[in-house]
Amino acid sequence: MKHPFDKFNLPDYLIEAIKEIGFDKPTEIQEKVIPVVKKGRDIIGQSQTGSGKTHAFLLPLFNQIDPKKAEVQVVITAPSRELAEQLANAATQLASHSPEEINVQTIIGGTDKNRLIQKLQHSQPQVVIGTPGRLLDVIESNDLRIHTSQYMVVDEADMTLDMGFLEDVDKIATRLPEKGKMLVFSATVPQKLQPFLKKYMHSPIVIEVENKQIIADTVENWLISTKGKNKIELIHQLLTIGQPYMALVFANTKEYVDDIAHQLKKKGLKVAVIHGGITSRERRRVMRQIQNLEFQYVVATDLAARGIDIEGISHVINAEVPQDLDYFVHRVGRTGRNQLSGIAITLFGPDDEQDIALIEKRGISFQPKEIKNGEVVDSYDRNRRDHRKGKNVNKTDFDPEIHGLRKKLKKNVKPGYKRKIERKKEEKRIRAFRLKSKK
Ligand code: AMP
């Protein structure tokens, strides 16, 4: 019987590998990218995490590999060890079906470098997947020779830029052959990425995949007001009411993540912790334990929000609204994967009103909930008063500080107050702009 991936004319072993994973049909990015890579064009792929982009580039690249040549043929960079390992797992699964051996080598920091060098001295792998720092290390020491590689993939390029790794990626790219093909995947294409793209890409085809469903329709998106209650108490309640299959709790700083984890542990929950302050060796160990379902609860910073694909996360709890609102979607996208149902819960206080309104402006709607008598029940819409009065209030303009000033203004109209409000608004706009440009 014909398989939906047959139309790409991939070798049989890759179709076998897809059958084993259980993909029924190609995703949009796969439909668009696979034929273009096969034509040998450079690509800028703009797509969100979760679109299936990993296989969009791995499948056609594996198609190009000559297993008889023990030389590097594909170089892939990712901005974090976890992402690199995830790509490597996908690549290894494909390689395992090949009738002739294809070597996939993960090259990431925090691992035994001497052992890696010994391995590389013995033979060069056909596919290397790694983080920019360690990759560059072994390239510069000439242990890894990439001048033979016809393909380079820069995955999550915007995150690579944000994390300050683009310089290393640039140095890696200079070692590729002149005619090598470059594939860059990025959720966004910021201006600062342009010089790199111009330097290495030859008339690239830009492939954009619209993220129609920002949050999977299998995910319920709850919003719970903290109403001055202790947040960690609330999180504990939420974690113990529904008996989640696996819950991922996000906070913005490693200190707060530690604090939440510590207090949940004190209450008897078995909690795993992921943040940048934990050694990479430990992080890899914890990730493995999580994949093996040894923990029901994981507390993490946004390090775990992008790309990390942990099967079966039933609940995501945002202890805080993320500082970078893009991460809201990345966090919530950790649940409801592969058509499973999921619940995302965001805790908010008065200071978060504006951010919540901005998230809603992106087309994401929340279901207001509260905890009553040990149960999560529907709550009222926090904007109900505005609706009742039929006021045409622009929610994104709501600002508690300015709101307070307006209230004062009503009671006690002093000359100059209106100007003060306008000045405050302007100051806020400037502050917000500065913050944005810092990122
Ligand atoms: P990615 O965006 O590559 O990280 O993929 C996100 C998730 O989608 C992973 O769990 C993949 O295994 C899954 N996936 C990728 N391609 C397909 C497909 N064609 N059909 C179903 N699931 C897929």
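Descriptive notes on the structure:
- Residue within region 247-270 that is in contact with a Pro (Cβ under 6 Å, 6 or more places away or on another chain) and either modelled with pLDDT of 95 or more or not hydroxyl-bearing (Ser, Thr, Tyr) (or both) present: no
- Among the residues of region 1-33, none is identified as modelled with pLDDT of 95 or more, open to solvent by 40 Å² or more (accessible area, probe 1.4 Å) and within 8 Å of the ligand (Cβ to nearest atom).
- Subset tally (residues that are of a type in the set (Ser, Thr, Tyr) and in contact with a Lys or Arg (Cβ under 7 Å, 6 or more places away or on another chain)) for region 126-174: 2
- In region 262-284, the residues that are open to solvent by less than 50 Å² (accessible area, probe 1.4 Å), in a helix (DSSP H, G or I) and farther than 15 Å from Ala304 by Cα: Leu264
- Residue among Pro244, Pro190, Pro195 that is over 19 Å from the mean Cα position of the chain (by Cα) and either open to solvent by less than 60 Å² (accessible area, probe 1.4 Å) or among the polar types (S, T, N, Q) (or both): Pro244
- Unique match (being outside any helix (DSSP H, G or I) and not assigned by TED's automatic domain parsing to the domain that holds His330) among Lys32, Lys25: Lys25
- Where a residue in region 273-302 is under 16 Å from Ala247 (Cβ atoms) and its partner, wherever it lies, is part of a loop (DSSP other than H, G, I, E, B) and hydrophobic (A, V, I, L, M, F, W, C), with Cβ under 6 Å and at least six apart: Ile290/Ile310; Gln296/Met246; Tyr297/Leu269
- Taking (1) out of contact with any helix residue (DSSP H, G or I) (no Cβ under 6 Å at 6 or more places or on another chain); (2) touching a residue at least 60 places away in the same chain (Cβ under 8 Å); (3) among the charged types (D, E, K, R); (4) within 12 Å of the ligand (Cβ to nearest atom) in turn, Asp42 satisfies each apart from (4).
Yes/no per residue for (1) assigned by TED's automatic domain parsing to the domain that holds Glu178; (2) in contact (Cβ under 8 Å) with a residue 60 or more places away in the chain; (3) buried (at least 22 other Cβ atoms within 10 Å of the Cβ):
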{"residue": "Ser123", "(1), (2), (3)": "yes, no, no"}
{"residue": "Val128", "(1), (2), (3)": "yes, no, yes"}
{"residue": "Pro132", "(1), (2), (3)": "yes, no, yes"}
{"residue": "Tyr151", "(1), (2), (3)": "yes, yes, yes"}
{"residue": "Asp155", "(1), (2), (3)": "yes, yes, yes"}
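The values are calculated or read from the model by the stated rules, or taken from the named source; none is laboratory data. It should be emphasised that the depicted structure is a prediction, and the values quoted were computed from it without experimental measurement. Using ideal geometry, Cβ is built from the backbone for each residue, glycine included, and neighbour counts are taken over all protein chains shown. Remember, those area values only see protein heavy atoms, side chains included, never the ligands or the DNA or RNA. Shrake-Rupley method; radii C 1.70, N 1.55, O 1.52, S 1.80 Å.
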